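Undergrad: Please find one structure pasted underneath; my questions will follow.
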Amino acid sequence: MNKQTPQAPNLDGLDRRAAEVFPGRVVRKDLVRQVKVGANVPVYVLEFLLGKYCASDDPAAIATGLEVVNQTLRENFIRPDEAEKAKADLKRRGQHRLIDKVDVRLVASEDRFWAHLTNFGDKYVHVPDEVVYRYDRLLQGGVWSQLDLLYNAEDDEATRRPFYIRVLKPIQVAAFDMDDYVAGRARFGRDDWLDLVVRSIGLEPAHYDLRGKLIALTRLIPMVERNYNLIELGPWGTGKSFVYRESNPNSILISGGKVTVAQLFVNLSTGRVGLLGTWDTVAFDEVAGLELSDPTVVNMLKDYMESGSFARGKDEVPAEASLVFVGNTSKPHQELVRSAHLFADLPKAMIDPAFLDRLHYYLPGWEVPKLEERLFTDHFGFVSDYFAEALRQLRKQSHVRAIDADFALGSHLSARDEKAVRKTTSGLLKILHPHGEWSHGELREYLEFALEGRRRVKEQLKKLAAHDYAKTAFSYVERDTGREIWVEVPEQPEELERLEAEEAGVRIDATVTPGAATVAFEGPGPASVAELIAQGESSRVEFKQTARVNLATKQRDQVIEQMVVKSVAGFLNAHGGTLLIGIEDSGQVFGIEKDLKTLGQKQNIDGFELWLTSLLDNALGPTAVSNLSVTFEPFPDGTVCRIDVQPGKSPTYVRGGKNDADLYVRLNNSTRLLNVADAVEYVRSRWR
């Protein structure tokens, strides 16, 4: 057979640096596609071979390596229709080396393990117990392996089972040095490393903007972040399941069909732990067609997605597997947003707010282009099993507190929202900054991206259970400037929010500039604190759990204090309202007692009112404070501070620490900072 002579690669600077910094760990991705034609094996299996024989930028060396790879596939990889011929060859030779997918089961009646070789086509292959115990994933869906088979028909049972596994080696990286990986990363800028990672999953970054690259990389977060729950729904043909099926030996893909408790958690009859206790990532493909054997599956998934463990039998089993749900949408996403919700294509049992609330990120599959030849890269990327091992090792690290030094999360984020945002940000940092260094601007990009994906989940939950999930105005605060920035989802524009408000019977103030609508309810507001709590938050009512104390750090936090200032300013600049301090988002009374303990020598109501008045006076000015009324009301669970705010007769600005001033306005059920253009137009129309 003639030796293949591949076209000389069109190497760029990133290719040369990748080959220099990671010798033997990168491979040309076009070679993978070239070899894969006619070889029905996962990409990481091919790259295992290409990484051994073709990790070079010399066309002659690559040609020689390709011949070795093809010869190995010809001699060791068999197609299912060649199974009988392979068995005959094995009988004639006595032993043979194969590349095949091997899964193992225990036959209790015989007290022994039997291996099933997928392409070889035999379900009763002898496998040593020590091999099974060393590679327990053989018991959970199987592993592609290089194995030496023996044929021995002499010493066997009455039923002839002559095939024996002598040596088995799972196809995965033999050794991985995290220090080398981290040191290599330090030799790349962020954008170059981002492009190298995108090429490593087979795509050419030149065809994607930053957002497109981040969306592609989000599919990797479940592989690098423990107990991460991701959903991606969108049109067909965008490669949603590729990375879970082909490129990572630590992930398993379940395509449709019935899912059982025993399969996922524990089989009580055998005591065998299921997929969640064995794999790093368990992905469900074609999730719309998923059959859940009984309601117990969803209930146990809910518990697992929240706690990272599951109870089955007598024991609580901890696990670290991340969950991924991918599938196609039946309608354009714009239509789903307006007429139903973005979870409409899930099985009915999964359209459960308590289940959906455990999802950390909704990846907008409709933004991913359908895969075409031009989108695939012809450049170097990491060998898949090497990169998969890097991601696996990085699962041991965590950057969930990374944002705390620079940013604080807004008041609308619940504990689950905050957990989701932190885990997404942590995952992106581990993928893109394994050396632990990043800039303020880069961290902001990841934080906003994380907030958007979690808000997409929350917006759909609001449609399913509006009372429980009303708070969707996601924001973050810059600690150095005190500015609060809101993060939107592209498919949920403000115009759509106003339409939904009108459909719900809410009157829109037409004098407000587009993009900054103020919602006002008809009729007088309730008088008592209890009635306000019962009504819930709205354009005229807001809850704050504390006014000074950060409950995470248990310390006084100026960011928390500034949120009170901004809320009061928002009411002053809109139509007035009431701020209740000491009320949780759920409406439960929390009290201001923890705030009182931070007031030094005057830890009582008078001291709190004196501090509050001084805070608002310094930030908003005496004219604004004259429009406020501060009262206190005791409840069994604590004391609530009530601030009634009359609309201002002129704009009220929040004074910053750098001689700047910001205009905040109460819009719907959140307080928003207006940009300069909107602020000018708002002031002109509001106080004309």
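All of the numbers you see were taken from the coordinates with simple rules; none came from a lab. Quantities reported herein were computed from a predicted structural model and do not represent experimental measurements. No Cβ is skipped: glycine too gets one built from the backbone with ideal geometry, and neighbour counts run over all protein chains shown.
Undergrad: Once you have the Cα-Cα distance between PHE635 and LYS602, take 0.36 nm times their residue separation minus that, and quote the gain in nm to one decimal. Provide the component values of the computation, followed by the final result.
TA: Details: separation 33, 0.36 × 33 = 11.88 nm, distance 2.12 nm.
Net length gain for the segment: 9.8 nm.
Undergrad: Computed over the Cα atoms, what is the radius of gyration of segment 597-646 divided by 2.2 N^0.38 Å, N being its residue count?
TA: On the way: Rg = 11.9 Å, N = 50, 2.2 N^0.38 = 9.7 Å.
Output field value: 1.23.
Undergrad: For segment 178-394, what is the relative contact order in percent, using Cα pairs closer than 8 Å and at least 6 residues apart in sequence?
TA: Values: 354 pairs, mean separation 72.8, N = 217.
Relative contact order of segment 178-394: 34 percent.
Undergrad: Looking at the calculated P(r) for segment 566-661, what percent of the C-alpha pair distances fall above 21 Å?
TA: Cα-Cα pairs of segment 566-661 separated by over 21 Å account for 37 percent.
Undergrad: Can you compute log10 of I(q)/I(0) for segment 80-170 with the Debye formula, treating each Cα as one identical point scatterer, at q = 0.12, 0.25, 0.26 Å⁻¹?
TA: Normalising to I(0) and taking log10 leaves -0.33, -1.44, -1.52.
Undergrad: Kirkwood hydrodynamic radius, segment 241-321, all distinct C-alpha pairs: what's the number in Å? Intermediate values should be presented prior to the final figure.
TA: Numbers: mean 1/r = 0.0763 Å⁻¹.
Taking the inverse mean of 1/r over all distinct Cα pairs, segment 241-321 comes out at 13.1 Å.
Undergrad: Would you list LYS169, LYS458 from fewest to most Cβ contacts within 10 Å?
TA: With the fewest neighbours first, LYS169, LYS458 line up as LYS169, LYS458.
Undergrad: With a point put 7 Å past each Cα toward its Cβ, work out how far ARG17 is from MET178 in nm, to one decimal.
TA: Here the answer is 2.5 nm between the modelled labels.
Undergrad: How big is segment 169-294 on each of its three principal axes, counting only the C-alpha atoms and giving the largest first in Å?
TA: Rounded to whole Å, the extents work out to 52, 38, 25 Å.
Undergrad: By how many nm would the segment from ASP81 to LYS370 grow when fully extended, if each residue of separation counts as 0.36 nm and the alpha-carbon distance is taken off? List each step's numbers first, then the result.
TA: Working: separation 289, 0.36 × 289 = 104.04 nm, distance 3.24 nm.
100.8 nm is the gain from fully extending ASP81 to LYS370.
Undergrad: Once the piece of chain linking GLU418 and ARG92 is laid out straight, how much longer is it, given 0.36 nm per residue of separation minus the C-alpha distance between them?
TA: This chain segment gains 111.0 nm when fully extended.
Undergrad: Restrict the search to segment 605-685; then list the trypsin sites (Lys or Arg not before Pro) that DSSP places in a loop and that have at most 14 other Cβ atoms within 10 Å of their Cβ. List each step's numbers first, then the result.
TA: Numbers: sites: ARG642, LYS649, ARG655, LYS658, ARG666, ARG672, ARG684; in loops: LYS649, LYS658.
Here the sparse-neighbourhood loop sites are LYS649, LYS658.
Undergrad: Shifting gears a bit: Which helices, taking whole DSSP H runs in the chain, have alpha carbons extending 18 angstrom or more along the helix axis plus mean Kyte-Doolittle at least -0.5? Don't jump to the answer; show the numbers that get you there.
TA: Numbers: long enough: 59-76 (25 Å, 0.03); 295-307 (19 Å, -0.22); 415-432 (26 Å, -0.37); 440-464 (36 Å, -1.13); 558-573 (22 Å, 0.78); 605-620 (22 Å, 0.71).
Going by DSSP H runs, the hits are 59-76, 295-307, 415-432, 558-573, 605-620.
Undergrad: Kindly count the pairs of lysines across segment 208-353 whose alpha carbons are less than 20 Å apart, treating pairs on different chains or eight or more residues apart as eligible. It would help to have the intermediate numbers written out before the result.
TA: Working: LYS213/LYS240; LYS240/LYS331; LYS258/LYS302; LYS258/LYS348; LYS302/LYS314; LYS302/LYS348; LYS331/LYS348.
For segment 208-353, the number of qualifying lysine pairs is 7.
Undergrad: Any idea what log10 I(q)/I(0) is at q = 0.10, 0.11, 0.12 Å⁻¹ for the chain, Debye with uniform C-alpha scatterers and no solvent?
TA: -1.01, -1.15, -1.30
Undergrad: Hey, got a sec? Which trypsin sites (Lys or Arg not before Pro) in segment 262-352 land in a DSSP loop and have at most 10 other Cβ atoms within 10 Å? It would help to have the intermediate numbers written out before the result.
TA: Numbers: sites: ARG272, LYS302, ARG312, LYS314, ARG338, LYS348; in loops: LYS314.
When the trypsin sites (Lys or Arg not before Pro) of segment 262-352 are filtered for loop state and at most 10 Cβ neighbours within 10 Å, LYS314 remain.
Undergrad: Rounded to a whole number, what is D in µm²/s for segment 13-76 from Stokes-Einstein with the Kirkwood radius over alpha-carbon pairs (4 °C, 1.567 mPa s)? Show your work: numbers first, answer last.
TA: Details: Rh = 11.9 Å.
Estimated via Stokes-Einstein, D reaches 109 µm²/s.
Undergrad: At 222 nm, what helix-only mean residue ellipticity would the chain give, in deg cm²/dmol to the nearest 500, using -39500 (n - 2.57) for each DSSP H run of four or more? Please report the intermediate quantities before stating the final value.
TA: Numbers: 25 runs with 249 residues, N = 688.
That calculation yields -10500 deg cm²/dmol at 222 nm.
Undergrad: Then there's this: Strictly over 22 Å apart at the Cα level, which of LYS423/LYS458; LYS169/LYS396; LYS554/LYS597 would you flag in this model? The partial results should precede the final answer.
TA: Numbers: LYS423/LYS458 16 Å; LYS169/LYS396 25 Å; LYS554/LYS597 11 Å.
In this structure, LYS169/LYS396 lie more than 22 Å apart at Cα.
Undergrad: Could you tell me the extents of segment 328-423's C-alpha atoms along the three principal axes, largest first, rounded to whole Å?
TA: Extents along the principal axes: 44, 43, 27 Å.
Undergrad: Roughly how many debye, to the nearest 20, is the charge dipole of segment 80-170 about its Cα centre, given +1 on each Lys and Arg Cβ, -1 on each Asp and Glu Cβ, and no other charges?
TA: Details: 16 positive and 17 negative charges, 59 e Å.
Using Cβ point charges on Lys, Arg, Asp and Glu, segment 80-170 gives about 280 debye.
Undergrad: Could you tell me how many cubic angstrom of Cα convex hull volume segment 507-688 has per residue?
TA: Normalising the Cα hull of segment 507-688 by residue number yields 125 Å³.
Undergrad: Let me ask something additional. In whole Å, how far is the Cα centre of segment 296-352 from that of segment 158-211?
TA: If we compute the Cα centre of each part, the gap is 28 Å.
Undergrad: With 10 angstrom as the radius, rank THR652, THR553, THR118 by how many other C-beta atoms surround their C-beta, starting from the fewest. Numbers along the way, then the final one.
TA: Numbers: THR652 24, THR553 9, THR118 15.
Sorted ascending by nearby Cβ count, the order is THR553, THR118, THR652.
Undergrad: Distance in nm between label sites at LYS348 and GLU681, each 7 Å beyond Cα in the beta-carbon direction?
TA: Rounded to a tenth, the inter-label distance reads 4.6 nm.
Undergrad: Give the shape of segment 261-395 as rounded, prolate or oblate, defined through the alpha-carbon gyration tensor: a ≥ b ≥ c are the square roots of its eigenvalues, a/c under 1.5 means rounded, and otherwise the shape is prolate if a/b is larger than b/c and oblate if not. The partial results should precede the final answer.
TA: Values: a/c = 2.35, a/b = 1.19, b/c = 1.98.
In terms of gyration-tensor shape, oblate.
Undergrad: Further, regarding this structure: Longest span of the chain, sites excluded, free of chymotrypsin sites (Phe, Trp or Tyr not before Pro) in DSSP loop with at most 13 other C-beta atoms within 10 Å?
TA: Between exposed loop sites, the widest span is 237-686.
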